[in-house]
Structures are given as C-alpha cells and as structure tokens.
Amino acid sequence: MDEWIQDENDFVGLWADDVLIAFNRLCYLTDEDAWSEGLRKDQTIKIKGVTDYLLDYHLKKIMDNKKTKTLRFSTYFENVASIKVHEKRNFKKILELSLLELTGSLPKPTKNYKSHSRPENYNQSIEFILNSSFLRLSENNIVPSWTCYPAKEIVIKELINKSHYLEIRENNIIIGIAIFSMGKEQNNFWISFIQAENEDLLLYMLNIIYNQARNQNISILKIIVPDNWFDLEKFGFFSWERKHDFWLYDLELKK
C-alpha cells in the first residue's frame, strides 16, 4: 500500500470521520495505456455511491488525457461488486485467462540445460517473447502480479530489467525464456512469462524458479495462463476455484 501512495501514479481515497472507507488507483503502464486497480469499499459503511464516485473521478482524468488510448482493469471472476460498477460504465470483458498456483514440489526434468540470468542479445530475446505461443494465446497480454500489460517492446524490456530472468540457448539459439518476480502479496513468485521449446525444458525452467523461490523462503508460485498451452496441472499447479477465473476488461475511449 505504501508504494501505491508514494509513487507517481494516482491513488485516491475517501474518508468519513477520519476513517478511510474506499480507494482506487489509476496508473499508466505506458504513455498510451492506463490501468485501474484496487477499487475497494469498506463493506461495513452504509454510504452509497462511493465506488461510483471514485471511478468517475478517474474516468474524467482519463478523458482529459489526450495521449491515453486504452483503459483496462482485471478482476477475479467472483468480484461481483467491482464487475457491476465497471460494466455500468460500459467496460467490456475482452479476455478470460486462468490463475494457477503451485505450493508443492515439482517433478524433475529428464535433461539439464545451461541457463543465463540475463539476455545475451536483447533484440533476439524480445523477438522470441513477442512470437511466443504464450503471448499469442494470451492475446498479447503479459501479467505480472494481477496487472495486465500490453506486450509491447518497451514493456518487455522494462520487465526483463526489473525482474528475475531465465534464458536457455542451444547452439546459440533461444529455446526458452522465463520472467518472474516477487508478487504483490510478497509471499510468492509470480511468473509473468514463460515459454519453452518442449515440455521437459519447461519443467527444467520451472524447477529453477522453484528452487530460487525456496532459497528466498518463498513457498508459492503463481502464473496466469491461456487455454491450449502446456498443461501445468500435471506438474502440480492448481486453480483456486475454477479455470477462466482471471477476467480482463476494457473501456472504449471515445474522445
């Protein structure tokens, strides 16, 4: 919460009798792409229209910013209150992905590979990521810890620089890349991106991430995955309640 308030993005709260009763945060993922997150209200407070007021405040700021081309937010499928207030303002659901979690150990791969913790060639790494089935099936969205970024070159380069990075090459050709970092809850590693040439290589990369997490006393791995990709459930990953539980919404901006 401290980072939300202190950074350069727009955190807004409402108080009643010096008590915080609701808040929302608007941030810019790129110069053109805005993101709304954290819309919350104290459910013990009977004041009506609070979340509507906060969302409308941020919508006005978006409309006044001529550079902004997209405004999106994500939500867990059961967050009915947030879905309702956003849909009332013409946000449309554009994508369903699945949140998977790993809390136990992983099977071992059959082969070992030489790994790199930084890109050997940024252009090659970014090209591999942009052309991956992971992004194509996710409709070119990349999700570090609930925030859904557009898979643009500037975004990917920043994620690589700010996150843990894993790259596998054979004969100087990239065959696997993973990007992961500490989740917002601070008790998990969130895998933002992972792509491998085959299932055994994928398992090898997941084991490296798993072992690094354990070395930092982290016990949980999380990832948002698309349909028709690798089956992570055979490795012990599981959904909280159901698949297709991560929903992405978009508002068409008419300026």
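The values are calculated or read from the model by the stated rules, or taken from the named source; none is laboratory data. On a predicted model such as this, the values are computed, not experimentally measured, just so you know. Quick reminder, even Gly has a Cβ in these numbers, built from the backbone with ideal geometry, and neighbours come from all protein chains shown. Just so you know, the surface numbers come from the protein's heavy atoms only, side chains and all, with ligands and any DNA or RNA stripped out. Shrake-Rupley method; radii C 1.70, N 1.55, O 1.52, S 1.80 Å.
A quick yes/no check of all residues on (1) at pLDDT 95 or above; (2) not polar (S, T, N, Q):
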{"residue": "PRO144", "(1), (2)": "no, yes"}
{"residue": "ALA151", "(1), (2)": "yes, yes"}
{"residue": "ASN188", "(1), (2)": "no, no"}
{"residue": "LEU221", "(1), (2)": "yes, yes"}
{"residue": "ASP227", "(1), (2)": "yes, yes"}
Of everything in region 69-101 that's more than 14 Å from HIS58 (Cβ to Cβ) and touching a helix residue (DSSP H, G or I) at 6+ places or on another chain (Cβ under 6 Å), which residue is modelled with the lowest pLDDT?
THR75
For region 129-175 the number of residues that are under 15 Å from ILE224 (Cβ atoms) and out of contact with any strand residue (DSSP E or B) (no Cβ under 9 Å at 6 or more places or on another chain) is 1
Based on this model, can you work out whether SER239 counts as within 17 Å of the chain's Cα centre (by Cα), under 25 Å from GLU139 (Cα atoms), surrounded by fewer than 17 Cβ atoms within 10 Å (Cβ to Cβ) and at pLDDT 95 or above?
yes
Starting from residues that are small (Gly, Ala, Ser) and in a helix (DSSP H, G or I), keep the ones in region 106-149 and report whichever is least open to solvent (accessible area, probe 1.4 Å).
SER125
Quick one: count up the residues across region 150-187 that are touching a residue at least 40 places away in the same chain (Cβ under 8 Å), more than 25 Å from LYS111 (Cβ to Cβ) and part of a strand (DSSP E or B).
1
Single residue of ILE173, ILE224, ILE209, ILE179 found to be of a type in the set (Val, Ile, Thr), closer than 26 Å to ILE126 by Cα and open to solvent by 20 Å² or more (accessible area, probe 1.4 Å)
ILE173
